[in-house]
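The structure appears right after this line, and notes come after that.
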Amino acid sequence: MKQIMALLIITFTLVLTACGSQTEPKPAEAEDFDLANLPADVDVSTTAALLDNPDVVLIDVREPAEYNESHIPGITLIPMGEVASRLDEIPHDKTVIVSCRSGNRSSQVTNFLRDNGYDNVHNMKGGIMAWEQAGFEVEK
């Protein structure tokens with residue numbers, strides 16, 4: 001009986017130790033992504049991991065007043081209505097991630113850019129709303 005009790009205590013201790021030592025998965029790092037094979041829609045975590053990558057350009061297509069309220073650090077403002085006339089500012093040789101307030105306008109701009117010869121352009125799902133909800137830094 002003492003052996004069974006000791007075995008139960010050891011088993012219980014091992015189970016508690018194993019459960020308590022589990023860690024949260026580490027956030028994705030920029031090197032975890034193959035830029036040539038990103039999905040059409042990227043989430044805010046992916047965007048955050050790529051924020052400082054020199055081969056990635058972020059474009060905010062909201063209006064200046066919206067941008068001034070809060071925006072992703074380092075993002076370039078090109079309002080949706082100006083995209084067609086400012087294509088020369090959007091590089092073909094880099095990965096482009098487009099953002100807006102909720103993901104609607106950026107999805108439209110992403111499709112427009114693809115229709116105009118950009119093949120490595122992506123929509124950030126959820127826009128700045130999802131970015132802020134996830135707790136990522138914004139500038140005001």
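A short reminder: the numbers here are calculations on the coordinates, not readings from a lab. Since this is a predicted model, take the numbers as computed values, not measurements. Every residue, glycine among them, receives a Cβ derived from its backbone with ideal geometry; neighbour counts consider all protein chains shown.
Can you give the percent of C-alpha pairs in region 78-139 whose distance is more than 20 Å? Here the long-distance tail beyond 20 Å is 26 percent of all Cα pairs in region 78-139. If R0 equals 30 Å, the separation of the Cβ atoms of Leu77 and Asp34 corresponds to a calculated FRET efficiency of about 0.60.
Charge dipole of region 29-133 (Cα centre as origin; +1 on each Lys and Arg Cβ, -1 on each Asp and Glu Cβ, all else neutral): 400 debye, rounded to the nearest 20. Here the scattering of region 29-133 is modelled by Debye summation over its C-alpha atoms, one equal scatterer each and no solvent; at q = 0.15, 0.19, 0.22 Å⁻¹ the log10 of I(q)/I(0) is -0.52, -0.87, -1.20.
Ranked by the mean number of other Cβ atoms within 10 Å of their residues, highest first, the peptides 98-104, 130-136 fall in the order 98-104, 130-136. Inter-label distance, Gln133 to Arg86: 2.7 nm, where each label sits 7 Å from its Cα along the C-beta direction.
Across region 29-133, C-alpha contacts under 8 Å between residues 6 or more apart give a mean separation that, scaled by the residue count, equals a relative contact order of 32 percent.
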